[in-house]
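Just below is one structure, and these are the notes that go with it.
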Amino acid sequence: RETANKIAAGEVVERPLSVVKELIENAIDANSTSITVEIVNGGKSLIRVTDNGDGINKDDILIAFERHATSKIRKAEDIYKTNSLGFRGEALASIGSVSNIVLVTRNSEDKIGTKLTLSANKVVDKTNVGFNRGTTISVMDLFFNTPAREKFMKSSSSETAAISDIVNKLALSNKNIDFKYIVDKKNMFITKKENSLIESIFSIYSREISKNMIEIYSDTNSLKISGYISNVKLTKANRKMQIVFVNGRYIKSKEISEALRISYKTMIPSGRHPLCFIFIEINPSEIDVNIHPSKTEIKFNDDGLIKQEIYKTVRKALLENDL
Ligand code: ADP
Ligand code: MG
C-alpha cells in the first residue's frame, strides 16, 4: 500500500506547487470563505493551508489519507465550473506518503477538534484539541523519504515563483473567498471578498503592474468577456502576464494570445506584449472538456468566434481609452 502511494505521489505530487494546488482545492471544495496559504523555503520546508471550511469529521480523518478516499463525486463538466481537481481521492494519500504532516481540523458536528501527526502516512500522534471550525494542514519536509524527487526540486526561489503563480490565479478566480498568502513569514497579499476585481488585481500583482489599466466588457448571447488590460503606453513585454480564465478556471490559449497580439498590433512595437486579466463566460458545451483536468490548455468549439470577440472587445476599449 505504501509503495502504491509513493508511486501515485509521483503523479499527483510533482513539485511543491502541486501540493499547494491540491490543498487549496480541498479548502475550496470544503466551502471555505477564508484561506491562508503559507510557504517556507519554496514549500520544501513547509506548506501550510488554513481554511474555515467544513472540516473533517472525527471518524473520517484517517480515511482521508487512504487512497481513493473521496467524499466528492463530480461530473466532467463541473471541472470547468470550478477549479477543482478533487474527485479522485488521491491527493492526501499521495502527499502524506512523501512528507510529514500535521493536520488540525474540526467539523461542525464535533465539539472538539483533532490534531493528527503523520510521518509518511504513519500515525505518530492523534489528540483532541480546541479548534475553530475548519482545517489547517501543514506539510513538512516534502520528499524527505524519496531522495530522487527531493533532488529534482528546483531552488527555493524558483519553487516560490511557481507556487506564487498558482496562488495568485486561484485568489483571482475565487473572488468569493478571502485569501492571504505568506512567503517565508512575509505577507505577500490579502484579498477580500468585498474587494472589486481591480482592487484584488492590484493587491496580488502590485509588483508587476502599474495603476492604469483599462476595463473591458462585452456580452453577447454566446459569450461574456470582462476584465482589465494594459494601456498601450504601459504595455510591458511579458507574455506570462496574460491571464485568462474561462468559466472561472485559469487557462492558456494560443487563440486568445493571438487575438490580443492582433488587437494591439498597430499600437505597440512588435515583441512587446499587453498585460491582461480576461474573464470569459461561455456555455460549457462550447468548450472541449474532454482533456485532462490538470492541463490548462483549452479547446473552443468555435475558435474564430472567440478570437473575433476578444479582438472586438479589446480594440474598442483601447480606442476609447488611449487614442
Ligand atoms: P479528493 O479531494 O479528491 O476527495 P483528497 O485526497 O484531496 O481527495 O482528500 C480526501 C478527502 O479529505 C476529501 O474528499 C475530503 O473529504 C477531505 N478533506 C481534505 N481536505 C479537506 C479540507 N481542507 N476540509 C475538509 N475536508 C477535507
Ligand atoms: Mg482533493
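We did not get these values from a lab; they are worked out from the coordinates using the rules stated. Because the structure is predicted, anything quoted here is derived from the model rather than measured. Don't worry about glycine lacking a Cβ; one is built from the backbone with ideal geometry, like all the others, and counts go over all protein chains shown.
Things worth noting here:
- Expressed as a whole percent, the proportion of Cα-Cα pairs in region 111-252 lying more than 27 Å apart is 43%.
- Packing-based ranking, highest mean first, of 182-190, 110-118 given that Cβ atoms within 10 Å are counted: 110-118, 182-190
- Listed cross-link partners K115/K175; K126/K193; K44/K122; K44/K192; K115/K151; K193/K316 are compared with a 23 Å cut-off, the Cα-Cα value being larger for K115/K175; K126/K193; K44/K192; K115/K151; K193/K316.
- The local environment of V40, defined by Cβ-Cβ distances under 14 Å, has a net charge of 0 under the rule Lys, Arg +1 and Asp, Glu -1.
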